[in-house]
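Below is one structure, written out as structure tokens, with a few remarks after it.
The values are calculated or read from the model by the stated rules, or taken from the named source; none is laboratory data. All values derive from a computational prediction rather than experimental measurement. Glycine also receives a Cβ, built like all others from the backbone with ideal geometry; neighbour counts cover every protein chain displayed. Heads up: the accessible areas ignore ligands, DNA and RNA and are worked out on the full protein's heavy atoms, side chains in. Shrake-Rupley method; radii C 1.70, N 1.55, O 1.52, S 1.80 Å.
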Amino acid sequence: TEINFKKSLKARNISIKIKPFEGVIVTVPMFLSFKIAEDFVKSKMNWINKNLNKIQTQEKLQTTFSIGTIFQTRFHSININSTLLAKNSFVKENKSIEIYISDNNGVQSLENQLYIRNIIEQTWRLEAKSYLPNRVDEIAIKHNFNYQKLSIKNTKTRWGSCSFKNNINLSLHLMRLNEDLIDYVILHELVHTKVKNHSREFWSTLEQHCPNSKYLDRKLKNYSLRIF
């Protein structure tokens, strides 16, 4: 397994991250040598191998799109077709989206797989913008929380976040989850409008508003933002 080391001006400690399709990334503070970082990594190899196996299992869940594939989002049906035309294209009609992949370049090519994924993510963005703002408002009113702005982004690292000014960011990939997990992420971020960390106070406050929060948090860990 390739392990990538990179220096960082911001880092205060050595950190190890394992990401799908990116492998092991080790961030090293500027004031530490790569030799020290390599020794640290060697001491963590059991942890790295264990988590690498998990990530590689997740990677196998990545969809490979073929001609004839029908991909269901929450509100749309996306159909993959071939075309004799030179360029890829798509047509959206109501709740159906037809993607046409040019025969000039096989559907399995990285370029075409990315083209299809991009249309799916655009679809989730539309769905998220029509669904999430109302849902955040409903939950905020029900549980007596106040927030400033809501932004929906194509984030691949976090399902949601809350700034110190109580602006909430949500990932459009929430549209891949069931309602109970969407509501859990929303509540998680709304609790951050009152408690800015993950202290015991935060988790007990969350539990008051969401009595099965620990179960939902574990369930959420079964999903990867980067894999669909």
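Given H209, S151, I182, which one lies farthest toward the positive end of the charge dipole of the range 130-228, if we put +1 on the Cβ of every Lys and Arg and -1 on the Cβ of every Asp and Glu?
S151
Most fluctuating residue of Q122, Q113, Q208 in a GNM of the chain with Cα springs under 10 Å: which is it?
For the chain, modelled as a Gaussian network with Cα springs under 10 Å, the answer is Q208.
Which cross-chain or sequence-distant (5 or more) residues have an amide H under 5 Å from the amide H of N88, H modelled 1.01 Å from N in plane?
Amide H to amide H, under 5 Å and 5 or more residues apart or across chains, N88 pairs with S102.
Multiply the residue gap between R135 and M45 by 0.36 nm, knock off their C-alpha separation, and tell me the result in nm, one decimal place.
28.1 nm
Expressed as a whole percentage, what fraction of the accessible surface of the range 138-191 belongs to carbon and sulfur atoms when a 1.4 Å probe is rolled over the protein heavy atoms?
44 percent
Counting Lys and Arg as +1 and Asp and Glu as -1, each charge on the Cβ, what is the dipole of the range 83-158 about the Cα centre in debye, to the nearest 20? Walk me through the numbers before you get to the answer.
Numbers: 12 positive and 8 negative charges, 87 e Å.
I would put it at about 420 debye.
Rounding to the nearest 20 debye, state how big the charge dipole of the chain is about its Cα centre with +1 on each Lys and Arg Cβ and -1 on each Asp and Glu Cβ.
860 debye
Which whole-number value in Å² is the accessible area per residue of the chain, probe 1.4 Å?
Dividing the accessible area of the chain by its residue count gives 60 Å².
Per the 1.4 Å probe, what fraction of the accessible area of the range 55-98, in percent, lies on carbon and sulfur atoms?
C and S fraction of accessible area: 55 percent.
Based on alpha-carbon centroids, what's the gap between the range 182-228 and the range 96-138 in Å, whole number please?
Cα centroid of the range 182-228 versus Cα centroid of the range 96-138: 27 Å apart.
Roughly what % of DSSP beta bridges within the chain run antiparallel, to the nearest 5?
Looking only at bridges with both residues in the chain, the antiparallel portion is about 50 percent.
Go ahead and set up a Gaussian network model of the chain, Cα springs under 10 Å, then flag whichever of K142, K153, K19 fluctuates most.
Between K142, K153, K19, it is K142 that shows the largest mean-square fluctuation.
Indicate the gyration tensor shape class of the chain (rounded, prolate or oblate), computed on the Cα atoms with a ≥ b ≥ c the square roots of the eigenvalues: a/c under 1.5 is rounded; otherwise a/b larger than b/c is prolate and the rest oblate.
Because a/c hits 1.5 or more and a/b fails to exceed b/c, the chain counts as oblate.
Which value, to two decimals, describes the C-alpha radius of gyration of the range 144-197 once divided by 2.2 N^0.38 Å?
1.06
Tell me the accessible surface of H192 in square angstrom (1.4 angstrom probe, heavy atoms of protein chains only), to the nearest ten.
20 Å²
Per DSSP H run of at least 4 residues, take -39500 (n - 2.57); add these up for the chain, divide by its residues and hand me the 222 nm value, nearest 500 deg cm²/dmol.
On the way: 6 runs with 90 residues, N = 228.
Only helices count here, giving -13000 deg cm²/dmol.
How large is Rg/Rh for the range 122-228, to two decimals, with Cα atoms and a Kirkwood Rh?
0.93
Taking the alpha-carbon set of the range 1-128, what are its Rg and Dmax in Å?
20.6, 58
Can you compute the charge dipole magnitude of the range 103-228 about its Cα centre, using +1 on each Lys and Arg Cβ and -1 on each Asp and Glu Cβ, nothing else charged? Give it in debye, rounded to the nearest 20.
For the range 103-228, the charge dipole is close to 440 debye.
For the range 175-215, compute the orientation-averaged projected area of the C-alpha convex hull (one quarter of its surface), in nm². Spell out each step's value before the answer.
Details: hull surface 11.7 nm².
Convex hull of Cα atoms, orientation-averaged projection: 2.9 nm².
Mean separation of Cα pairs under 8 Å and 6+ residues apart, divided by the residue count of the range 63-121: what relative contact order is that in percent?
Averaging sequence separation for qualifying contacts and normalising by length gives 31 percent for the range 63-121.
Per Stokes-Einstein, at 25 °C and 0.890 mPa s, what whole-number D in µm² s⁻¹ belongs to the range 1-45, with the Kirkwood radius over Cα pairs as the hydrodynamic radius?
D = 231 µm²/s.
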